[in-house]
Amino acid sequence: MTEESCKKQLKICLDAEHAKCSICLNVWHDVVTAAPCLHNFCNGCFSEWLRRSQVKHSNVLCPQCRAVVQFVGRNHFLHNIEEDILQTDSSLKRSDEEVALLDTYATIKSPLVLNTGRKPRRKRARSPQDEESDVVDLPCPQCGTELAGFQCNPNTIHLQCQGCGGMMPSRTNTSAPQHCLGCDWAFCGAYWHAQRVTESNSHPVCSHETFETISDRTITRIPLSAHENNRHEQDITARCIGQMGRTLQDVISDWITKLNNREIDRSRMLLNHAAMITSGTHLCNDCYDKLVSFLLYWFRISMPNHYLPPDATQRADCWYGYACRTQHHCEEHARKRNHVCRPTRGSHM
Ligand SMILES: [Zn+2]
Ligand SMILES: [Zn+2]
Ligand SMILES: [Zn+2]
Ligand SMILES: [Zn+2]
Ligand SMILES: [Zn+2]
Ligand SMILES: [Zn+2]
């Protein structure tokens, strides 16, 4: 295949009328899809609809077709289409103020399970086998059982934990975070810890170590994703820390302090809401690894050359720096050039 044919893009005709939210009648903004009817709305518009349905303690009905909504989530494919439409016809764009206001309503971060289609059953005399299968039927530990002063009702919206696949009620009146700020996915570790639910043989529950504040976490190994997965650089970083007589945890703690004091440029931090992250932020395991990798980049880049192990001090910087692709398939190149540096040329092929 020639390079040209690889770049060929499928062109489709699209009527912007078909990309409009039936609540606000504008082209979608941060589009979400309701299931099973698959109608689409702005995140902000649908979130407000959701909030009102919750106040009324009623089922959430689709604003367009009135079907019971069982599930709602952001639609990344349609999000790209929404952006393409607005780029093609800027007259369809809303003002920045309107968009900002809409964003303040938007509460759908990770997929929401609105209606499990099952109602908690009334307690009745039954054999132990029955009891067990009944409990398994219910989506979360707080469905059908009051725990820490809360019990789900049939209209409670549930979040599915990205870590264990278990369900937890979506709560606004609790201090325990239910979403990771780095990826916006739902995680149950902090929530169940706050509810004092540690384990349950009928429901998956994450341990609280999997979703903790940055300052409460401990790190003992360099993440595999550090230094763009380049194990030579990881090895140099590890020896560097050892030579200084310190531990990885010491180094990370120092850099978290600098992060808190806003002393580090965050543009290479591969996390959502990077500007909001502090040592008190809860992060999931993956996002914590990304944060540590980001901090190790800064640790290395700000390190005077003579602190590096002897075999690493003589290496010239690769022109393509951390963005170099050759480091991933050429062992020798990865070893001979320093890749913990900024690119001085555009990335190659
Ligand atoms: Zn809308
Ligand atoms: Zn619908
Ligand atoms: Zn529940
Ligand atoms: Zn995360
Ligand atoms: Zn979980
Ligand atoms: Zn290179």
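The values are calculated or read from the model by the stated rules, or taken from the named source; none is laboratory data. Everything numeric here is computed off the predicted structure, so don't read it as measured data. Virtual Cβ from ideal backbone geometry, glycine too; neighbours counted across all protein chains shown. Keep in mind that these areas ignore ligands, DNA and RNA; they rest on the heavy atoms of the full protein, side chains included. Shrake-Rupley method; radii C 1.70, N 1.55, O 1.52, S 1.80 Å.
If packing is taken as the average count of other Cβ atoms within 10 Å, what order do 205-211, 143-149, 27-33 fall into, highest mean first? Kindly include the intermediate steps, with their values, before the conclusion.
On the way: 205-211: 19.6, 143-149: 14.1, 27-33: 22.7.
With the highest mean Cβ count within 10 Å placed first, the list reads 27-33, 205-211, 143-149.
Sorting check: for 52-61, 230-239, 188-197, which peptide has the highest mean count of neighbouring beta carbons within 10 Å, and how do the rest follow?
Values: 52-61: 13.5, 230-239: 19.0, 188-197: 21.6.
Highest-to-lowest ranking by the protection proxy: 188-197, 230-239, 52-61.
Output the Kirkwood hydrodynamic radius of region 226-338, Cα pairs only, in Å rounded to one decimal.
Values: mean 1/r = 0.0666 Å⁻¹.
When all Cα pairs of region 226-338 are included, the Kirkwood radius is 15.0 Å.
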Derived scalar couplings ³J(HN,Hα) [region 71-81; Karplus, 6.51 cos²θ - 1.76 cosθ + 1.60; whole Hz; x for Gly, Pro]: 7, 9, x, 5, 10, 5, 5, 5, 4, 5, 5
Segment THR107-ARG246, extension gain: residue separation times 0.36 nm, minus the distance between their alpha carbons: 45.8 nm
So how strong a dipole does the chain carry about its Cα centre when Lys and Arg Cβ are +1 and Asp and Glu Cβ are -1, to the nearest 20 debye? 320 debye
Putting +1 on Lys and Arg Cβ atoms and -1 on Asp and Glu Cβ atoms, find which of CYS324, VAL60, VAL31 reaches farthest to the positive end of the dipole of the chain. VAL60
Quick calc, ARG345 & ASN272: beta-carbon distance into FRET formula, R0 41 Å, rounding 0.05, result 0.90
HN-Hα couplings for region 324-333 via Karplus (6.51, -1.76, 1.60; θ = phi - 60°), in whole Hz with x for Gly/Pro, come out as 4, 8, 4, 4, 7, 10, 10, 3, 5, 4
Non-local residues with an amide H under 5 Å from the amide H of HIS179, with H modelled 1.01 Å from N and Pro and chain starts lacking one, are PHE187
Charges at C-beta only: +1 for Lys and Arg, -1 for Asp and Glu. How large is the resulting dipole of region 14-88 about its Cα centre, in Debye rounded to 20? 520 debye
Using 0.36 nm per residue of separation minus the Cα-Cα distance, give me the extension gain between SER202 and ALA35 in nm, one decimal. 57.4 nm
Hey, what do the phi angles of region 249-259 turn into as Karplus ³J(HN,Hα) couplings, whole Hz, using 6.51/-1.76/1.60 and θ = phi - 60°, x for Gly and Pro? 4, 4, 4, 5, 4, 4, 6, 5, 4, 5, 5
Could you give the semi-axes, largest first, of the ellipsoid that matches the chain, computed as the square roots of 5 times the alpha carbon gyration tensor eigenvalues and rounded to whole Å? 43, 31, 18
At 1.4 Å probe size, with no ligands or nucleic acids counted, give the accessible surface of CYS37 in Å², nearest ten. 40 Å²
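Counting only protein heavy atoms and using a 1.4 Å probe, what share of the accessible area of region 226-338 belongs to carbon plus sulfur, as a whole percent?
Numbers: 2810 of 5800 Å².
Carbon with sulfur: 48 percent of the solvent-accessible area.
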Leaving out ligands and nucleic acids, note down the accessible area per residue over the chain with a 1.4 angstrom probe, in whole Å². 58 Å²
Work out how much length ASP216 to VAL68 would gain on full extension: take 0.36 nm times their residue separation and subtract the Cα-Cα distance, in nm to one decimal. 49.1 nm
